[in-house]
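So the structure is just underneath, and the comments pick up after that.
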Amino acid sequence: RKDRRSVRNKHLTSLYLEENPTDPTAHHYVGSTHLAAGRIDEAIKCFEKVLEHAPVENDLYIHFRVMALFHLSRQAALREDWETEEKYSVEAILIEPEYLDAWLRVGEAFFHLDKFWMAERAFHRYRSLLKTHRETSPRTRYTLYQLGMEHMACYYLGRLAEYRFDSERAKKFYQMSIEQDAQRAAPAHFYLALIYARERNYHKMDQHLAKARSIDSAVIDTLMAQDHALPAIDKSDN
């Protein structure tokens, strides 16, 4: 039934797009249909068309432009194309400074581009906006996909604390990441194990390594193969 629905939606949205080739709304919904069906390349083309046909100065299409920017930044992250993720996330923030999804994505991009000070600011901004959203549930015209991703922000804040040689602060954020989502906490457990290894607390090291492997052994194998030397320079000023 799901497959039949996908075929039907693709047919209907394609017909609408043929009749409205420059309508950003049409490209948005067709792109969303492709994305839901796993047709990623086709979805990316549609979201790029949204940017082409949705002028920034036209408030009627701002929603579709910002959502297209989010989807493009997220797909760039999945490809580990951090420059593109940064580009689209920054544009979304310039349009809507309180769009929390974009702050999480740009924080991830900054981190992987060695812009650590900027990454730290972005993750704290995401957590602040998320706290406000949980307390007030404000009305927003944007679909929020990253409401359950505080564990990711805490994980990266732990990594950034390590880069500042602040192991206690790093441990605090890793523990917060684990508490936020225990099922996706394998990396947080792994880096906690490394901290305890440096402190010669081998009992806790073994505990966290075992927990990490029980959650996702493939991720841990990947992390074990990496060079864990701390970076020498923060490129934020560049």
note = Total charge of the residues flanking ALA193 in space, meaning their Cβ is under 13 Å from its Cβ, with Lys and Arg +1 and Asp and Glu -1, is +3
request  = Under a 10 Å cutoff between Cα atoms, tell me which one of ALA102, ALA77, ALA122 has the largest fluctuation in the Gaussian network model of the chain.
outcome  = ALA77
message = Please compute the modelled spin-label separation between SER137 and GLU48, points set 7 Å along Cα→Cβ, answer in nm with one decimal.
response = 4.0 nm
request  = Note the angle between two axes, namely the Cα long axis of helix 24-36 and the longest principal axis of the Cα atoms of the chain, as a number of degrees from 0 to 90, rounded to the nearest 10.
outcome  = 50 degrees
request  = Can you tell me the 0 to 90 degree angle between the C-alpha axis of helix 202-224 and the longest principal axis of the chain, rounded to 10?
outcome  = 30 degrees
Residue-count net charge about ASP59 - beta-carbon cut-off 13 Å; Lys, Arg +1, Asp, Glu -1 = 0
ask   = Helix 40-53 versus the longest principal axis of the chain: what angle, 0 to 90°, nearest 10, using Cα atoms?
value = 60 degrees
message = Please compute the alpha carbon radius of gyration of the stretch 104-238, then divide it by the globular-protein estimate 2.2 N^0.38 Å. Two decimals is fine.
response = 1.10
note = Scoring the stretch 80-177 by relative contact order with C-alpha pairs under 8 Å, at least six apart, yields a percentage of 23 percent
ask   = What does the accessible area of MET224 come to, in Å² to the nearest 10, when a probe of 1.4 Å is used?
value = 110 Å²
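Using only helices, what value at 222 nm comes out for the chain when you add -39,500 (n - 2.57) per DSSP H run of length 4 or more and divide by the total residues, to the nearest 500 deg cm²/dmol?
Using -39500 (n - 2.57) per qualifying helix, the result is -24000 deg cm²/dmol.
Calculate, in nm to one decimal, what ASP206 and SER236 gain on full extension: separation in residues at 0.36 nm each, minus their alpha carbon distance. All intermediate terms of the calculation are to be shown ahead of the outcome.
Working: separation 30, 0.36 × 30 = 10.80 nm, distance 3.53 nm.
Gain on extension, ASP206 to SER236, equals 7.3 nm.
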query = Counting only the heavy atoms of the protein chains, how much of HIS11 is accessible to a 1.4 Å probe, in Å² to the nearest 10?
reply = 110 Å²
key: Pairs of Cα atoms farther than 20 Å apart, the stretch 1-154, %   = 51 percent
inquiry  = Taking the alpha-carbon distance from LYS115 and a cut-off under 27 Å, which lysines remain once sequence neighbours fewer than 8 residues away in the same chain are dropped?
reply    = LYS87, LYS131, LYS171, LYS172, LYS235
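P(r) tail for the stretch 173-225, what percent of Cα pairs lie past 15 Å? Intermediate results must be reported in sequence, preceding the final value.
Values: 541 of 1378 pairs.
Here the tail beyond 15 Å accounts for 39 percent of pairs.
The values are calculated or read from the model by the stated rules, or taken from the named source; none is laboratory data. Note that the structure is predicted; figures quoted are calculated from it, not measured. Quick reminder, even Gly has a Cβ in these numbers, built from the backbone with ideal geometry, and neighbours come from all protein chains shown. We work out accessible area using only protein heavy atoms, side chains counted, and drop any ligands, DNA or RNA first. Shrake-Rupley method; radii C 1.70, N 1.55, O 1.52, S 1.80 Å.
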